[in-house]
Every structure is written in C-alpha cells, then in structure tokens.
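To start, the structure itself, in structure tokens.
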Amino acid sequence: MKPESEMSLDPLDWEAFRKHAHKMLDDVITYVQTVENRPVWTPTTEELRKNFQLPLPLKGEGPDKVYDDFVQSVLYHPLGNIHPRFWGWVNGTGSAQGAMAELLIAAVNNNVSTFDQAALYAELQVLDWLKQIMNYPGEASGIFVTGGSVANLVGLAVARTAAADWDVTKKGLQGNQARLCSYGSNQTHFSVEKGLQVLGLGSESFRKINVNEKYQIDVQHLKEAIARDRQEGNRPCCIIGNAGTVNTGALDPLDELAELCTKENLWFHVDGAFGALAALSTELRPLLRGMERSDSLAFDLHKWLYMPYDIGCILVRHPELHQKTFAGGGAYTSAMTRGLSATSTSFRDLGLEQSRSARGLKAWLLLKEHGLDTYCQLIEQNVHQAKYLASLIQQHSELELCAPVSLNIVCFRYLHPSSDEDNHNKLNKELIGLLQESGIAVPSYTILDGRFVIRAAITNHRSRRKDFDLLVNSVIDLGRKLTA
Ligand SMILES: *Cc1c(COP(=O)(O)O)cnc(C)c1O
C-alpha cells in the first residue's frame, strides 16, 4: 500500500468539520433551551420506525445527510425526560452543561480501567467527595458504574464474599453449602432480585418483608424471617435497606437496620438510588440516619444530581473484600514500577468492566461548576414541590392522595363517587394513557395495595410550581371527561 492511500477516520477537511460541528452545537443548545415549548412526549409512528429498518450502510452518506436524519427522526421523538413536566419512573433530566461535559470527555476518550492518567485521579477525587457527603470513611473503596442496578449488583457480590464461610470467589456455589438469604422490604427495586439471580443465589433467596402504612420495612417481621432461616439451616447474608423506595419514596428505618445487622452479623447494603442524595441537605439528612453505617451504598448521579446518563456509584466500606470479589488480570496487566502502569489504583479490580468511560470526570466537572449548594437547593426544591403537589391533591375532592409523601414521590388517583375499586383502576389506567399521549405531562403509575395510582417522581431541576398546577388541572379535566 502506498503511504498516500493509507486512511483514518479523521475529517478530510477539518475546517468544514469545524463549521458543521459548530452548527450541531448551536442546534442542540437551542433544542435544550426551548424544550418547554414542545410536547413532553409524542408517540412514534409506523413511518418513523421505517427509518430504522434500512439496509446496511456499506457506503458512507457523509455528515450532512446523517445529521439531517438525526434531526428528522431522532431529535423530536425523545422519551421526554429533559422536559419540565416529565416525572415518570425515576428519570434524570441532564443539563446543557452536562451535555458539554460529555462532549469534552468523548473528545479525550479516556479508558479509565487503571493507568497513570488525570481522569483516574479526577474519579478518585469525586469518590472522595461522595464519601464525605455520605459520611463514609475515607478508606472505603468505590467505583462509578452505569447505574443503580449495577451498583446494587456490585454491593451484593461483595456481601456474598463476606457472608460465605467458604471462598466463594474461588469455589463458587457448586457445593452443598448452606443457602445464602437476603432480606428487604416488598417495596425493594427489582434490580436487587435480578442481582441475586445473576450471582447464582436465586431470586427466591430474597425474603420480601412486609411494610407498615408508611411503606417502610416491618422490622419485627424481618427479625422473624431471619430467625426462621437460621432455624432451617439457611445462612442469612444481607439486609437491603431502602433510602427512598421506587414506588413511594419511603425510607426504611436505616439506623434500626444497621443495629440489627451488627447484632446478627449481616452485611448492610443500602439502595439509595435517588434518595441517598438527600444527604446533601441538612433539612433532609435526618431521614437517612443510619445510612452511613452501611457496608455498601448504591446511588445514581443521573437521577437526583441531574447528570447525563449514565452514571451510578457504589461505595464499599471494606476495600479488601471489594477487591477480593472483583480482582482479576493477566500477564498483560501485571504491576510495573514505571511507565503508564505505575499506579496503585485499578478500577478493573472493583467492578465487572475492564474498559470503562471516565464517568466520574463529568461529575468532577459538574460538581465544580455548580457547587454542592446548588444541588442541595435543587433537591430541597423538588421535595417542596412534592409537598406542594400533595397539597393541591388534598384540596380536590375528586383526587385521592394514595401514600404519604416522604421525599419527592407523590402517588394519587382520580376518583368517581359512584365507582368501585375495579372501575377506579380502569379509569386511572385510561387516564394516565391519555395524559401521556396529550403531551402535557408524563407522570407514570404503580400499584399500591391493589390500587392503580398515578405516580410523579420529581428529580427534575426544570419543574416549576405552575407545572404541577397544570398536572392537577389536566388530571381533573381528563377524569371528568372520562366519567361524563
Ligand atoms: C432507579 C432505581 C434503581 C436502578 O437504577 P438504574 O440507574 O436505573 O440502574 C434501583 N433502585 C431504585 C430505588 C431506583 O429508583
């Protein structure tokens, strides 16, 4: 091959690329700036989906055509979670500054498995800050992962290493060992059961404990379940405490759970996917008392810190057990005294991935840009908005508040005086579908004690009180129309 025929993916004309890139940047800045003027969500059409059923692109179409395609087919058919009136499931909103952080990180394209590079030290710095926020010891280990699901999996994997009285990292679960059991309320997120499933412990080894009227774990029932397992020869392994359940935002009595774990010699894992971030606020921190005593703590920065997807974090109080659970490598990764490999930190040994993006670097950029005080105020603002929404609901006789508002989640439904439970459920299902299709607002739904309810989870820095006024008025309008 002649040298002049060698190729790369670099633009042939950097000036043209620069111009095109600037246009893309301008377009998306306007896009984010004007999000409120568009419907929250619109259903995709058959015609739109056809744009994603085309033959393999053997020959490149060039930057202009594909960008046009992106604008036509993708940009205006989003999930809608950056909109001020999106409160479905628990979704983050991202930010314009977050998008810029992603751009910077993508350009440098660090692979932060290990190696002597600034991004590694930036991640360690942010982990250090997060330990301070969560009141965790400085020597605890931690890693940024894709999200709460993987963070839970990592925490449970270390719990398994700690609980087994054989070397489970070497021997696995191939013998006739005692069954390892874990405990959490019946409101626990499904990712915990999935984690246990993947770890070979089986989802049935998760004991679902009843909750009280505030949807908090019933500690008496929990104690009985542990005693029963011990009696039957099973091996209790781990209690999972919820710092904000996905259904209602309920907070388990974490201090009591920490106490019980100490007494019973069990691992204490806290799923604080969104709720753990309330630790930023002196007003809200008392709700989380005991969280700092956990052995592992999972939370998401793409939910209640409004950072772009994806970034979750797991902190582990016992670095040696964390390392033991995930350490791996070959001759090609062995330690060196100089060169790139001369660093003592290896994220490769703390999680599943070898190659991994510099997720923590976006947190470094954004935390420094806005400052913790800003995040604290936004989190408190969302909690106050949840209380405001609850008060609007309580002012209307046609609406029923269906669960206590502990944090930032509000569950409610539309009631028709002459209707029974079955019809209430049908009516509210119909109502939520129509509301989402209207493009006015996107709350989601859940089922609480057999009641189908509308559910707003507020992890949105763009929401304003007027948005909740509009939500309540729209639900009442739709409810009246449906029952007319
Ligand atoms: C969102 C959530 C998870 C899962 O986190 P992902 O980031 O979606 O993987 C786990 N637990 C709770 C309570 C959550 O809200």
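Of all residues in the stretch 239-253, those satisfying the criterion of being of a type outside the set (D, E) and either open to solvent by 10 Å² or more (accessible area, probe 1.4 Å) or in a loop (DSSP other than H, G, I, E, B) (or both) are G244, T245, V246, N247, T248, G249, A250, L251, P253.
Looking across E283, E292, one residue alone is within 30 Å of I458 (Cβ to Cβ), in contact with a Phe, Trp or Tyr (Cβ under 7 Å, 6 or more places away or on another chain) and open to solvent by 30 Å² or more (accessible area, probe 1.4 Å). It is E292.
Checking each residue in the stretch 175-194 for being of a type in the set (A, V, I, L, M, F, W, C), at pLDDT 95 or above and either open to solvent by 20 Å² or more (accessible area, probe 1.4 Å) or over 14 Å from D271 (Cβ atoms) (or both) picks out L180, C181, F190. Only one entry in R356, R317 is at pLDDT 95 or above and open to solvent by 50 Å² or more (accessible area, probe 1.4 Å), namely R317.
When R285 is tested against (1) in contact with a strand residue (DSSP E or B) (Cβ under 6 Å, 6 or more places away or on another chain); (2) at negative phi, only condition (1) is not met. Can you find a residue in the stretch 28-51 that is in contact with a strand residue (DSSP E or B) (Cβ under 6 Å, 6 or more places away or on another chain) and either hydrophobic (A, V, I, L, M, F, W, C) or away from the ligand (no atom under 16 Å from the Cβ) (or both)? Within the stretch 28-51, one or more residues are in contact with a strand residue (DSSP E or B) (Cβ under 6 Å, 6 or more places away or on another chain) and either hydrophobic (A, V, I, L, M, F, W, C) or away from the ligand (no atom under 16 Å from the Cβ) (or both). Considering only residues in the stretch 365-387 that are open to solvent by less than 10 Å² (accessible area, probe 1.4 Å) and of a type in the set (V, I, T), the one that is farthest from N460 (Cα to Cα) turns out to be V383. Screening R230 against (1) without any contact (Cβ under 8 Å) to a residue 40 or more places away in the chain; (2) assigned to a loop (DSSP other than H, G, I, E, B) leaves a single unmet condition, (2). Taking H302, is it within 16 Å of the ligand (Cβ to nearest atom), within 30 Å of R462 (Cβ to Cβ) and buried (at least 22 other Cβ atoms within 10 Å of the Cβ)? When the stated conditions are applied, H302 passes them. Here's a check for you: in the stretch 419-448, which residue that is in a helix (DSSP H, G or I) and among the charged types (D, E, K, R) is most open to solvent (accessible area, probe 1.4 Å)? Applying the filter and picking the extreme gives K426.
Here is a yes/no grid of residues against (1) touching a residue at least 24 places away in the same chain (Cβ under 8 Å); (2) open to solvent by 50 Å² or more (accessible area, probe 1.4 Å); (3) among the hydrophobic types (A, V, I, L, M, F, W, C):
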position: L173; (1), (2), (3): yes, yes, yes
position: L196; (1), (2), (3): yes, no, yes
position: L201; (1), (2), (3): yes, no, yes
position: I209; (1), (2), (3): yes, no, yes
position: N212; (1), (2), (3): no, yes, no
position: V219; (1), (2), (3): yes, no, yes
position: C237; (1), (2), (3): yes, no, yes
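Keeping to the stretch 182-206, report how many residues are away from the ligand (no atom under 14 Å from the Cβ) and either among the acidic types (D, E) or touching a Cys at 6+ places or on another chain (Cβ under 6 Å) (or both). Result for the stretch 182-206: 3. Scanning the stretch 286-299 for residues that are part of a loop (DSSP other than H, G, I, E, B), in contact (Cβ under 8 Å) with a residue 40 or more places away in the chain and more than 16 Å from the ligand (Cβ to nearest atom) gives G290, D295. Return yes when E283 is more than 19 Å from E102 (Cβ to Cβ), modelled with pLDDT of 95 or more and part of a helix (DSSP H, G or I) and no when it is not. Against the criterion (more than 19 Å from E102 (Cβ to Cβ), modelled with pLDDT of 95 or more and part of a helix (DSSP H, G or I)), E283 does not qualify. The single condition from (1) touching a strand residue (DSSP E or B) at 6+ places or on another chain (Cβ under 7 Å); (2) more than 16 Å from the ligand (Cβ to nearest atom); (3) without any contact (Cβ under 8 Å) to a residue 60 or more places away in the chain that H322 fails is (3). Against the numbered list (1) closer than 19 Å to S141 by Cα; (2) within 13 Å of the ligand (Cβ to nearest atom), Y309 comes up short only at (1). Could you check, for the stretch 359-376, whether at least one of its residues is within 30 Å of V150 (Cβ to Cβ), touching a Ser or Thr at 6+ places or on another chain (Cβ under 6 Å) and part of a strand (DSSP E or B)? No, the conditions are met nowhere in the stretch 359-376.
Here's the yes/no breakdown for (1) open to solvent by 90 Å² or more (accessible area, probe 1.4 Å); (2) farther than 28 Å from N91 by Cα; (3) at pLDDT 95 or above:
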| residue | (1), (2), (3) |
| --- | --- |
| E6 | yes, yes, no |
| E15 | yes, yes, yes |
| Y31 | no, no, yes |
| T45 | no, no, yes |
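Residues satisfying the criterion are present in the stretch 404-417 (criterion: at pLDDT below 95 and open to solvent by 60 Å² or more (accessible area, probe 1.4 Å)). Evaluated against (1) more than 21 Å from N91 (Cβ to Cβ); (2) touching a Lys or Arg at 6+ places or on another chain (Cβ under 9 Å); (3) in a helix (DSSP H, G or I), P404 falls short on exactly one condition, (3). Among the residues of the stretch 456-475, those identified as touching a residue at least 60 places away in the same chain (Cβ under 8 Å), open to solvent by 10 Å² or more (accessible area, probe 1.4 Å) and either closer than 16 Å to Y414 by Cα or in contact with a Gly (Cβ under 6 Å, 6 or more places away or on another chain) (or both) are D469, L470.
Filtering L266, L260 for residues that are surrounded by 22 or more Cβ atoms within 10 Å (Cβ to Cβ), among the aliphatic types (A, V, I, L, M), over 23 Å from the mean Cα position of the chain (by Cα) and away from the ligand (no atom under 15 Å from the Cβ) leaves a single hit, L266.
For H83, the test of being away from the ligand (no atom under 16 Å from the Cβ), assigned to a loop (DSSP other than H, G, I, E, B), crowded, with 22+ Cβ neighbours inside 10 Å and not β-branched (V, I, T) is passed.
The values are calculated or read from the model by the stated rules, or taken from the named source; none is laboratory data. Since this is a predicted model, take the numbers as computed values, not measurements. Please note: Cβ atoms are built from the backbone with ideal geometry, for glycine as well, and neighbour counts cover all protein chains shown. We work out accessible area using only protein heavy atoms, side chains counted, and drop any ligands, DNA or RNA first. Shrake-Rupley method; radii C 1.70, N 1.55, O 1.52, S 1.80 Å.
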